[in-house]
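The values are calculated or read from the model by the stated rules, or taken from the named source; none is laboratory data. These figures come from a predicted structure and were not determined experimentally. Every residue, glycine among them, receives a Cβ derived from its backbone with ideal geometry; neighbour counts consider all protein chains shown. In case anyone asks, the SASA skips ligands and DNA or RNA and just uses the protein heavy atoms, side chains included. Shrake-Rupley method; radii C 1.70, N 1.55, O 1.52, S 1.80 Å.
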Amino acid sequence: MLTQVNYEVKGQLAKLLATEDLIIENRKVPTAAFDVEKRVLTLPMWEKASGTVYDLLVGHEVGHAVYTPREFNSDNTGVPQSFLNVVEDARIERKMKLKYPGLVKSFYSGYKELNSRDFFEISDIDLEEMNFIDRINLYFKIGLHDVSTIIPFLNDEEKKIVKMVSSTETFENVIEVCNYIVDYLKSQEEETGKD
């Protein structure tokens, strides 16, 4: 049963976890976001989401506050922003679960709830046809938390890259893995002639 989310309490939770006085904004937006430079955490005002989903959102976005460098910008790295976002999201969520073990259940239950509502809009698509970076993103968001959704990786190299993503410790590691993914995709494109 969904109850009314107390946005003020979730904002205070974010500040406590981040150990800084973040600016918290609750707005009608499609998803949560964190501006690493301005230190603004935006939480969506969703009609149908449990407090657990909001704990997941807070835990995730605070992970950016704690671990993502303020100069986080794909322009400085030479890799696509979407790749950086996916690999960095996997890193910060893993680190937040280690730092705050109480968040593990929130991540597990929150992603399971979002998946059951088809938040990721995958119910009518063939996951093998998705591009590789989206499959990585889904694996770390729901593949680890909801065994009813199996995210396919098509060869040993893709599986190797997933392991690389799961072991990033620093932002520099994130950039290295992103560069590796770019090189892998270029080699696949040359092999198959597909973009």
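Sort through 68, 77 and tell me the only one that's over 20 Å from residue 163 (Cβ atoms), in contact (Cβ under 8 Å) with a residue 60 or more places away in the chain and under 16 Å from the mean Cα position of the chain (by Cα).
68
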- Note on the range 103-119: residues assigned to a helix (DSSP H, G or I) and over 11 Å from the mean Cα position of the chain (by Cα) are 103, 104, 105, 106, 108, 109, 110, 112, 113, 114, 115, 116
- Note on the structure: Filter the range 165-195 for residues that are assigned to a loop (DSSP other than H, G, I, E, B) and not polar (S, T, N, Q); the one that is nearest to residue 65 (Cα to Cα) is 169
- Determine whether the range 50-62 contains at least one residue that is more than 17 Å from residue 26 (Cβ to Cβ), surrounded by 15 or more Cβ atoms within 10 Å (Cβ to Cβ) and under 12 Å from the mean Cα position of the chain (by Cα). no
- Tell me, please, whether a residue that is open to solvent by 40 Å² or more (accessible area, probe 1.4 Å) and more than 21 Å from residue 30 (Cα to Cα) can be found in the range 106-120. no
- Item | the range 112-133, residues that are free of Cβ contacts under 8 Å to residues at least 12 places away in the same chain, under 25 Å from residue 161 (Cβ atoms) and charged (D, E, K, R) | 121, 126, 129
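So, of the residues in the range 18-38 that are of a type outside the set (S, T, N, Q) and either within 17 Å of residue 88 (Cβ to Cβ) or under 14 Å from the mean Cα position of the chain (by Cα) (or both), which turns out to be modelled with the lowest pLDDT?
That would be 18.
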- Item | Selected residue (only one of 146, 89 is open to solvent by less than 50 Å² (accessible area, probe 1.4 Å), modelled with pLDDT under 95 and within 22 Å of residue 55 (Cα to Cα)) | 146
- Message: Residue under question is residue 136, and the condition is that it be touching a Gly at 6+ places or on another chain (Cβ under 7 Å), hydrophobic (A, V, I, L, M, F, W, C) and buried (at least 16 other Cβ atoms within 10 Å of the Cβ); does it hold?
- Response: no
- Query: So, of the residues in the range 149-166 that are of a type outside the set (Val, Ile, Thr) and either in contact with a helix residue (DSSP H, G or I) (Cβ under 8 Å, 6 or more places away or on another chain) or buried (at least 16 other Cβ atoms within 10 Å of the Cβ) (or both), which turns out to be nearest to residue 105 (Cα to Cα)?
  - Reply: 166
- Identify, by number, the condition in (1) more than 21 Å from residue 13 (Cβ to Cβ); (2) among the aromatic types (Phe, Trp, Tyr); (3) under 19 Å from the mean Cα position of the chain (by Cα) that residue 100 doesn't meet. (1)
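In this structure, is residue 30 surrounded by fewer than 16 Cβ atoms within 10 Å (Cβ to Cβ) and touching a residue at least 60 places away in the same chain (Cβ under 8 Å)? Spell out how you get there, then give the answer.
Details: surrounded by fewer than 16 Cβ atoms within 10 Å (Cβ to Cβ): yes; touching a residue at least 60 places away in the same chain (Cβ under 8 Å): no.
When the stated conditions are applied, residue 30 does not pass them.
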